[in-house]
Structure formats: structure tokens, C-alpha cells
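Each remark here refers to the structure printed beneath this line.
Derivation of every value follows stated rules applied to the coordinates shown; laboratory data play no part. Owing to the predicted nature of the structure, the values given are computational and were not obtained by experimental measurement. Counting neighbours? That spans all protein chains shown, and the Cβs are built from the backbone with ideal geometry, glycine included.
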Protein chains: 2
Amino acid sequence: MAIEPRQNPTRVSCFECPLRHMRRFRPFSDSELEFVSTFKRGELLADTGTTVLAEGARSAHLYTVLAGWGFRYKILEDGRRQILNYVVPGDMVGLQGAVMAEMQHSVEALTPMTLCVFERSRLFSLFELHPGLSFDLTWLAAREESILDEHLLSIGRRSALERASYLLAFLFDRGMSAGILGDNHRHVPVTQMHFADTLGLSIVHTNKTLKKLADRGLIRWRDRGCDVLDPAGLQDLAKWKPEEARVRPFI
Amino acid sequence: MAIEPRQNPTRVSCFECPLRHMRRFRPFSDSELEFVSTFKRGELLADTGTTVLAEGARSAHLYTVLAGWGFRYKILEDGRRQILNYVVPGDMVGLQGAVMAEMQHSVEALTPMTLCVFERSRLFSLFELHPGLSFDLTWLAAREESILDEHLLSIGRRSALERASYLLAFLFDRGMSAGILGDNHRHVPVTQMHFADTLGLSIVHTNKTLKKLADRGLIRWRDRGCDVLDPAGLQDLAKWKPEEARVRPFI
DNA sequence: CGGGCGGTTGATGTCGGTCAAGTCGCGTGG
DNA sequence: CCACGCGACTTGACCGACATCAACCGCCCG
């Protein structure tokens, strides 16, 4: 169940961080890059199904996703699970734990993941030394908040079909802008069980709902995941538009 | 509908800010207090039902709630509304608009509200000059995120009765720690319509669900709002515990 | 005194849950 | 090599939680 993730023996320097060079991330100043390099403690590799962070933990670390898909979730005592959001490269996880006393949710790997490990105790010096990076942290938190707002609207007020369409369009958008969509740039590695737990529906009903979308040619199930064939059609069904892409921060 | 809020002619200095002296807020250093004083532009009074911030707006301002209750919400094209969260004194609103391009949600006053108005353009100098306040902003954003997480869990996975109990316990907790519960410190100024739009239920079913709670003596409806008679009982029903109170930031 | 808002209630319908099987592909071990 | 089990996906029958429709009450306020 809760497999221990393992440290990567070969640390990769921030200077040659593969994400750093992507156009969609804002460039760092030299001093910022240098700071982040010392802030970084190492890398963490997590296999599919691994628990990266557990609810209730008081982790000494903070992470940025470098590769792979993961998801954040909470569970009720009796096992009912709600997936809160998905994480992709460039996203930060564990900020809550760094800022509050302990983690209020868990994070699990959906595919093999690589995470950049930061020292939580040095977080405050980031605020002291780098206003730009501090602003970025706030930016990331505000953006997460606005995503959660939309999810709440979705679960609270959209029908099952709209909800499913929204989630698919959303995942496609996130995967696309992170450049991690599988074969043909349309594969999303999320099972129907994950869909059910994100949408607040039962697996059976989720299946029937997704089947409708598949019958209409919007998606196709394959290989423990889903090919998004018609993102625009999904957006229309959901009455939702993604934020237009712009340069975003990344720490 | 969208009544224009009005500026308060009599600005109150931050030095004598009534919230500042409450034990639950962290104290400011002299230089922080001085900075915030210059950051502050004035005060805004909003009557019940007023729209304080509108989705899509590119507001030049940022606010901290000084008095009263409000709520954040989103609406779908066809009018379906989802209330995302409630705001009470000490909460910041409009940070999203300051950090992203435009507001992704609206804010409306539930009771007459007083808000402290800040100049959005000076936000970056806050990051440059005051690491402590920057950290506080991130803290506030992370806390909002963890509240939204819990709401998602609630709407997605709790039954109608559990959801309603959770929301009541939650509102009681927030009102209590902000010291703004009405008569006998148990009155929450939220109508059944607001409950419905927060819980993702119809008004009729919300009414029937809340009636059950009233019949069990947990709450009582009165005066366009609700008296919370047994917060502990509600928490038990919802299987939820509030975060333990600790000193929190406030800008 | 009339109308609007908030709350209440019953009748009826439907969306989505639960139960129960069954298929398919894959990895494991006899 | 095949039996077995398991995880992901399907499908049909049935049921219940919640939505919708339609009244109606009480209160406040113009």
C-alpha cells in the first residue's frame, strides 16, 4: 500500500534542470537560480501507486514535480475517497505542510514521478532573500485555489456528463501545457476509478457516463487511461474554457 | 442586484485597527505596521447583498475584511450558482485578481461589511520589503486551499445530512474564531438558499435536510439565519474537527 | 393591503447508487 | 503451459436520494 519512495542517488543540478528551459516557465535570475540550487536537497523517485506525502505527516520537505503525474486526495474514516486535484511537472506539493502544522491531504503517484526535494526549514530564507520567488509561491497557491474553485463549481452544480467532460478537458489542458501527454499527445493516465473519486460519483455510474462520451467519439479508453480525441468538444459540453497559457512561475 | 459599494469617508488608521489587538492575530513589527498603513487606501462599506468583487473584473484593489460576513461564489452561464467559501474578518479577498489577470469568482456581502482597501500595484513592494508579510500572504493562500480541499471532500463524498452538518460546524467555527457570531454567540447569518448553493443541493432538499437537524435540536432557524445549538453534535455527525486555533497572520 | 422573500411540505419523477455478473488482459505460480 | 487471481472496464436490474413541481404560510416593508 504505502510503499516508501526512494531517493535518487544521482542528484541533478538546478542549472541543468530540464524544466527550466521550457518557454512556459519564467526565467530565473542568476541569484535566484543559485539560491534554489542550495535550497534543493535531492530528488525523489516515486513509482506508480506510491504515496509521496501522507495526510497528518509533518514532513521536513517540500517538493516540486519534475516529471510524471500525481494526485492529491483526502479520505473519510470509512474509506470514502475524494481526489482534490492532479499534479504535473512544475507544480509544487507540500506547501501546506510547510506553512501549516501538518499535511491535510495525501499525494500519490499516478505514473512514475520525479520530484525535487527542498528543505522546509530554509523556506523562510527564501522569503527573506528572494521577493520574486516569494511572489511566485503566492502565485502558485492562488492558482491552485482558482482550480479548486472550478472543481467545486463542477462537483456542486454540473451534471455527471458535464462534470466528466470538464475533468477530461481540464486534464487534457494540464497535461498539454506540461508536455506530458502520452502517445500522440492525447493520452491521460487516469483510470475510471480515479475519475469516479474526482467527480464524486460511483464507479458504475462513472463508467456509464464516460461510455457516452466514448460513444460520441470524444474519448477512447486504452491502456489504463484515456485518449482525449476531441478536447474542444469536451470543453463545449462542460461549458468551460481553460485559462489562456502564459508564462508561469516555477520553483 | 449589483449595487455599487461606497467608500468610507472616515478612514481609520491601521494603528488603531480594532482587529490588530485581537489575540488570535500575530502582532506586527513597527516597520510592518508602517508599511501596511501606507499600503492601505481606504475603507469600503458594503451593504447586505452588495457585490464586492465581480468575476472577470480586473480590480486595482485588494481587500482585507474588517467586519461582517461575505461569501465567494461562481455561476454557470445558465445561472446555476456554487458558493465556494465564506469570508470573515481577517480574511483577504481579491488576491487571485492581484496575482492572476482577472477575478475568477465574485464576492458578495452576507451582512453589512467593512473592508480595508489596498493598492494592488504596491503588492510587489510588499514582497520586496517585508518577508514576514509575504510569508503571511502565502500562509493565507495555503489555508484557503486547505479549506477548499475539505469542502470538496464534503460535496464529493458526504451525504446531504453530513454535508449540512459539516457546513454548519464549519461556519460556527469560523464565526466563533472571528468573534462575529450574533446573539448569544451562536447566530450564523446564512439563509437556506445559501446553504443549498454551498452544499450543491436544491433548496427543497436542503430545507428537508436542515429540518432534520432542527428536529434533533442541533440548530434553530430564526431571523434569516440559523442558531447553532450543538456544534459538537454537528461535528460528530459530519465526522469533522476544526483546526485547533492558533495565532494566525492578518494583513 | 399586496407583493416579495424566506421557509415548509407533499406528490411525483429521475439521476445516480447499489448489487450482481461477466469480460478482457496480464502477471504469477503450479 | 495453463489455471488462477486480480485489476480495469462493462452491463443490466433494481432502488433510493435528491430534484422538480406546486402549493402554502408568515413576516416585513412599501
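With a Förster radius of 22 Å, plug the Cβ-Cβ distance of B:D215 and B:A160 into 1/(1 + (r/R0)^6) and report the FRET value to the nearest 0.05. Could the numbers behind the result be given before it?
Values: r = 15 Å, r/R0 = 0.67.
Working from the Cβ atoms, E equals 0.90.
Using a/c under 1.5 as the rounded threshold, could you call the range B:88-189 rounded, prolate or oblate? The axes a ≥ b ≥ c are square roots of the C-alpha gyration tensor eigenvalues, and prolate needs a/b larger than b/c, oblate otherwise. Prolate shape, in that a/c is at least 1.5 and a/b is the bigger ratio. Please label the shape of the protein assembly as shown as rounded, prolate or oblate, based on the square roots a ≥ b ≥ c of the eigenvalues of the alpha-carbon gyration tensor (a/c under 1.5 means rounded; beyond that, a/b larger than b/c means prolate, else oblate). Judged from the Cα gyration tensor, the protein assembly as shown comes out oblate (a/c at least 1.5, b/c at or above a/b). Amide H to amide H, which residues 5 or more places from A:V93 or on other chains are under 5 Å from it, using H placed in the peptide plane? Long-range HN contacts for A:V93: A:Y63, A:T64, A:V65.
One equal scatterer on each Cα of the range B:22-115, no solvent, Debye formula: the resulting log10 I(q)/I(0) at q = 0.24 Å⁻¹ is -1.31. The helix-based estimate of mean residue ellipticity at 222 nm for chain B, built from -39,500 (n - 2.57) per DSSP H run of four or more residues and divided by its residue count, is -12000 deg cm²/dmol to the nearest 500.
Rounded to the nearest 20 debye, the dipole size of chain B about its Cα centre is 560 debye, using +1 on the Cβ of Lys and Arg and -1 on the Cβ of Asp and Glu.
When Lys and Arg each count +1 and Asp and Glu each count -1, what net charge do the other residues less than 12 Å away from A:Y166, Cβ to Cβ, add up to? Provide the component values of the computation, followed by the final result.
Values: positive: A:R157, A:R158, A:R163, A:K239, A:K241; negative: A:E150, A:E162, A:D173, A:D236.
So the surrounding residues net to +1.
Across the alpha-carbon atoms of the range B:169-244, the computed radius of gyration and Dmax are 11.9, 34 angstrom.
Taking 0.36 nm per residue of sequence separation and subtracting the Cα-Cα distance, how much length would be gained by fully extending the chain between B:D183 and B:D78, in nm to one decimal?
Details: separation 105, 0.36 × 105 = 37.80 nm, distance 3.76 nm.
Working it through step by step, the gained length comes to 34.0 nm.
Across the identical copies, the label point of A:T191 (7 Å from Cα in the Cβ direction) is separated from its matches by 4.6 nm, in order from shortest.
For A:E77, the distances from its label point to the matching points in the remaining copies are 4.4 nm, ordered from shortest, with each point set 7 Å beyond Cα toward Cβ. Spin-label pair A:E55-A:R24: with each label point 7 Å from Cα along the Cα-Cβ axis, the two points sit 2.9 nm from one another.
Take every pair of alpha-carbon atoms less than 8 Å apart whose residues are at least six positions apart; their mean separation over the length of the range B:154-238 yields a relative contact order of 39 percent. Label-point distances for B:E34 to the equivalent site in the other copies, using a point 7 angstrom along Cα→C-beta, read 3.0 nm when ranked shortest first. When only Cα pairs below 8 angstrom with a gap of at least 6 residues are kept, chain B shows a relative contact order of 20 percent. Taking a ≥ b ≥ c as the square roots of the eigenvalues of the Cα gyration tensor, chain A is prolate, since a/c reaches 1.5 or more and a/b is larger than b/c.
Under DSSP H, which helices of chain B have Cα atoms covering 15 Å or more of the helix axis and a Kyte-Doolittle average no less than 1.6? Intermediate values should be presented prior to the final figure.
Working: long enough: B:131-157 (39 Å, 0.08); B:160-178 (27 Å, 0.56); B:203-215 (18 Å, -0.40).
Once both thresholds are applied, nothing remains.
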